Amino acid sequence: MLIKYQLKRSKKRKTLAIKIKFNQVMVYAPYYLPINVVEDWLSTKQVWIEKHLRNQQNRPVANSILQQQNYVLLGQTYALRFEQHAIKSEVIIDDAIIQIYTSKRVKHTQEKQLKLLMSVVSTRLTQYCEIQASHMANKLGVSFSKVSVKHIRSRWGSCDSKGRLQFNLQLASAPLWVIDYVVAHEVAHLQVMDHSKRFWQIVKRIYPDYLNAEKWLKNKGFELDIFKI
Ligand SMILES: [Zn+2]
């Protein structure tokens with residue numbers, strides 16, 4: 001087998017599956033399936049795997065927020081100002097500037113700056129998503145239990161069976177209409193959990209232009225990956 005891969009076996013799994021995550025090929029297999037069966041199957045997928053690996057490697061990467069002069073937060077552009085050796089570590093946001101102060105006692109300045117920024121951005125995005133989700137849930141006559149924001153690399157949002165909605169922190173600098181779509185998508189899951197035809201009809205009802213938003217995330221989503229050093 002020419003392809004390097006990581007094998008994950010599980011007792012619950014009944015079929016084989018591949019996923020490509022951060023340039024790594026992950027193979028999911030039923031617990032007792034012999035390795036030669038796994039590899040035979042994998043060799044039939046070689047062309048597909050190589051194509052996807054190439055695509056991931058050619059994908060441009062976004063710079064860290066710490067290297068940027070401006071940051072778009074919920075549709076509004078702010079200048080970023082970093083100040084070290086302050087009395088207190090804190091973030092102050094006014095109309096046009098986000099100031100990130102780190103105290104003299106801070107040893108790892110960049111880590112601290114990133115943590116401070118992520119915390120304020122998370123608060124703002126949570127508030128925004130809560131408001132949007134309430135409007136949309138009202139329209140559908142459904143309700144959710146909680147909205148939270150987390151820095152996840154693998155998805156834009158999620159909705160679980162307990163009605164908890166979670167959104168990716170990276171969305172905070174996407175255009176508002178794109179954030180609204182992700183909220184609409186997760187709110188629609190409160191009614192239908194899968195991605196069936198019925199699900200997309202509900203999405204369309206609360207967010208008619210969903211195809212454009214999906215396209216934006218596919219083409220531009222990588223630009224939002226800025227919470228890193
Ligand atoms: Zn979904």
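The values are calculated or read from the model by the stated rules, or taken from the named source; none is laboratory data. Keep in mind it's a predicted model, so treat the numbers as computed, not measured. We place every Cβ from the backbone using ideal geometry, glycine too, and count neighbours over all the protein chains shown. Note: areas computed on protein heavy atoms with side chains; ligands, DNA, RNA excluded. Shrake-Rupley method; radii C 1.70, N 1.55, O 1.52, S 1.80 Å.
Quick rundown of the values:
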{"quantity": "Under 16 Å from the Cα of LYS107 - lysines, other chains or at least 8 residues apart", "calculated": "LYS88, LYS115"}
{"quantity": "Gyration tensor verdict on the stretch 5-58 (Cα atoms; rounded if a/c is under 1.5, prolate if a/b is larger than b/c, oblate otherwise)", "calculated": "prolate"}
{"quantity": "Fraction of beta bridges assigned by DSSP in the stretch 41-144 that are antiparallel (%, nearest 5)", "calculated": "55"}
{"quantity": "Proximal lysines to LYS162, defined as alpha-carbon separation beneath 19 angstrom and excluding residues fewer than eight positions away on the same chain", "calculated": "LYS146, LYS150"}
{"quantity": "Accessible carbon and sulfur surface of the stretch 40-152 relative to its total accessible area, %, 1.4 Å", "calculated": "47"}
{"quantity": "Charge dipole (debye, nearest 20) of the stretch 65-224; +1 at Cβ of Lys and Arg, -1 at Cβ of Asp and Glu", "calculated": "440"}
{"quantity": "Rounded, prolate or oblate (a/c below 1.5 giving rounded, otherwise prolate when a/b exceeds b/c) for the stretch 65-224 by Cα gyration tensor", "calculated": "prolate"}
{"quantity": "Average accessible area per residue (Å²) across the chain - probe 1.4 Å, nucleic acids and ligands excluded", "calculated": "61"}
{"quantity": "All lysines inside 18 Å of LYS204 as judged from Cα atoms, apart from same-chain residues fewer than 8 positions distant", "calculated": "LYS139, LYS215"}
{"quantity": "The chain, helix-only ellipticity at 222 nm - DSSP H runs n ≥ 4, -39,500 (n - 2.57), divided by all residues, nearest 500", "calculated": "-12500 deg cm²/dmol"}
{"quantity": "Relative contact order computed over the chain (Cα-Cα under 8 Å; 6+ residues apart), in percent", "calculated": "16"}
